[in-house]
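This report concerns only the one structure given below.
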Amino acid sequence: MISIITPVLSGEKFIQSCITSVVSQQFPDVEHIIIDGGSTDATVSIMKAYADRYHHIRWMSEKDRGQSDAMNKGITMARGEIIGILNVDDYYEPYTLRRISEEFKMLSEPGLLVGNCNVWGDEGRLLGVNRPSRLRVADLLICDEARSPFPINPSAYFYHRSLHEKIGLYDSEEQYAMDIDFLLRAIPHAHVTYLDEVLGNYRLIRGTKTFDDMQAGRMDARLQQLIRKHQGKLPFYQRIRVLLLRNLYRSRRIIRKVFRKG
């Protein structure tokens, strides 16, 4: 079984499309666990109406300590051996769950499967496709988007629930970059596979938490703090390599900007 977990708080704008994204997969062996943090809008009434129609939907609504806490509650409730996180404003490509089910039959446990992700801006504009083909921690910590982009959104990756037995749950103190922290902890302990297919869709639009955090200039500082934390866990020779390559690629980006301006 695949367990899809959706944390939500006052998400009436997107909750219906999130639910129907899973419904439209037409995949019989799935449960959709929606953890609401005590919404005051129509979120609860919408998800309750869908849960009355579709028995694969399970939900709860109570105050929590943030998005990570909600995700951890969902994982604790999950009955499936495969976990997917679907944020309320994101959605899957058609037949994604069937593809995941097929791929996990060949993936050793604990496995982590990462695919591509469409990134959508305002007014339905495709900003790009995230293709995170290099999935070693040392490559990701170099922070070069052109060479080794980070998996940008959990709608495009899935993993065995048993991975949490090795690395623990999501950091309940982290409310913005919890998925990045999770992946950097998970990759060294997982059988990682990259699937060169678009699996998920990520809305990077005004009014969403990530967009607003980026606009306020806080996201980069959070990422740099996480990078320093995980870089310190690397063997010494890998730490030196990461630092050298990061500085090299940063210098190249600066030079390219200078020439473009000139």
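The values are calculated or read from the model by the stated rules, or taken from the named source; none is laboratory data. All values derive from a computational prediction rather than experimental measurement. Cβ: placed from backbone, ideal geometry, glycine included. Neighbour counts: every protein chain shown.
Only one of the numbered conditions (1) under 30 Å from residue 194 (Cβ atoms); (2) within 20 Å of the chain's Cα centre (by Cα) is not met by residue 29, and that is (2).
Tallying residues that are of a type in the set (D, E, K, R), within 17 Å of residue 86 (Cα to Cα) and modelled with pLDDT under 95 within segment 21-73 yields 0. Against the numbered list (1) among the polar types (S, T, N, Q); (2) surrounded by 18 or more Cβ atoms within 10 Å (Cβ to Cβ); (3) part of a loop (DSSP other than H, G, I, E, B), residue 72 comes up short only at (3). When 7, 28 are checked against the criterion of being under 23 Å from residue 183 (Cβ atoms) and not in a helix (DSSP H, G or I), 7 stands alone in meeting it.
Scan segment 89-138 for residues that are in a loop (DSSP other than H, G, I, E, B) and in contact (Cβ under 8 Å) with a residue 12 or more places away in the chain and report the count. First the steps, then the outcome.
Our first condition is that a residue be in a loop (DSSP other than H, G, I, E, B); within segment 89-138, this holds for 89-90, 93-95, 105-110, 121, 125, 131-136.
Keeping just the survivors that are in contact (Cβ under 8 Å) with a residue 12 or more places away in the chain gives 89-90, 93-95, 107-110, 121, 131-136.
Selection size over segment 89-138: 16.
Does segment 10-25 hold any residues that are within 15 Å of residue 94 (Cα to Cα), in a loop (DSSP other than H, G, I, E, B) and of a type outside the set (Ser, Thr, Tyr), and which are they? Answer for segment 10-25, where residues must be within 15 Å of residue 94 (Cα to Cα), in a loop (DSSP other than H, G, I, E, B) and of a type outside the set (Ser, Thr, Tyr): just 25. The C-beta contact set for segment 59-80 (first residue more than 14 Å from residue 161 (Cβ to Cβ) and without any contact (Cβ under 8 Å) to a residue 60 or more places away in the chain, second residue among the basic types (Lys, Arg) and assigned to a helix (DSSP H, G or I), distance under 9 angstrom, 6+ apart or interchain) comprises 59/48; 60/73; 61/48; 62/73; 64/73. The single residue among 85, 100 that is of a type in the set (Val, Ile, Thr), crowded, with 23+ Cβ neighbours inside 10 Å and over 12 Å from the mean Cα position of the chain (by Cα) turns out to be 100. Every test in (1) under 12 Å from residue 54 (Cβ atoms); (2) more than 17 Å from the chain's Cα centre (by Cα) is passed by residue 11 save one, and that test is (1).
Listed here are the residues, each with its yes/no results for (1) within 22 Å of residue 100 (Cα to Cα); (2) at pLDDT 70 or above; (3) out of contact with any Lys or Arg (no Cβ under 8 Å at 6 or more places or on another chain); (4) part of a loop (DSSP other than H, G, I, E, B).
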| site | (1), (2), (3), (4) |
| --- | --- |
| 149 | yes, yes, no, yes |
| 158 | yes, yes, yes, no |
| 171 | no, yes, yes, yes |
| 179 | yes, yes, yes, no |
| 201 | yes, yes, yes, no |
| 217 | no, no, yes, yes |
| 220 | no, yes, yes, no |
